[in-house]
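The values are calculated or read from the model by the stated rules, or taken from the named source; none is laboratory data. All of these numbers come straight from a predicted model, not from anything done at the bench. In this analysis, Cβ positions are derived from the backbone assuming ideal geometry, glycine residues included, and neighbour counts consider all displayed protein chains.
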Amino acid sequence: MIIDRKMNFLLVEDDTIDVKNVQRAFKKNDISNPLHVAGNGEEALLMLRGNGVGPSIVPPPQVILLDLNMPKMNGIEFLQELRKDPELKSISVFVLTTSDEERDKVAAYNLNVSGYILKPIDTTQFKDAMKTLEAYWSLCEYPSQE
């Protein structure tokens, strides 16, 4: 299912296996929207802001899937920067992580994440989690980015 041909997604994830799992789950669920990948929070901010260093995402993503445990700039630090930026603060962010720590959940929700999802180990569970998110995204109305 194509949610909106112009709608981009950003996955902020440093683990190549998890990146492949998300890409595979998108494919198995027929989610054909562009999925951009950043390896850490710093790289993601460069991609979002289009600072000329890395590729810029146009139009900006309306949904970010975010891991918390990453090098250079972790997910919580990334969220803090994202929420301070008037151009980016309204992007929906879903945390997709292995961290079941209460402090991480509290910190993420205090930074207005749309959801906190523990990464399932099983590929079928992972596919089902992406299918559930896709159902949510397809029901949401987003402002025009033109």
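Numbers at a glance
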{"item": "Residue within the stretch 91-106 that is among the aromatic types (Phe, Trp, Tyr), in contact with an Asp or Glu (Cβ under 9 Å, 6 or more places away or on another chain) and either without any contact (Cβ under 8 Å) to a residue 40 or more places away in the chain or on the phi < 0 side of the Ramachandran plot (or both) present", "result": "no"}
{"item": "Restricting the stretch 55-89 to residues that are in contact with a strand residue (DSSP E or B) (Cβ under 8 Å, 6 or more places away or on another chain) and surrounded by fewer than 17 Cβ atoms within 10 Å (Cβ to Cβ), the residue that is nearest to residue 22 (Cα to Cα)", "result": "69"}
{"item": "Residue ID - modelled with the highest pLDDT, chosen from residues in the stretch 113-123 that are under 19 Å from residue 18 (Cα atoms) and either surrounded by 13 or more Cβ atoms within 10 Å (Cβ to Cβ) or in contact with a helix residue (DSSP H, G or I) (Cβ under 8 Å, 6 or more places away or on another chain) (or both)", "result": "116"}
{"item": "Candidate set: the stretch 90-112, residues that are among the small types (Gly, Ala, Ser) and closer than 19 Å to residue 44 by Cα; chosen: the one surrounded by the fewest Cβ atoms within 10 Å (Cβ to Cβ)", "result": "90"}
{"item": "Some residue of the stretch 71-90 being among the small types (Gly, Ala, Ser) and either under 16 Å from residue 110 (Cα atoms) or within 13 Å of the chain's Cα centre (by Cα) (or both)", "result": "yes"}
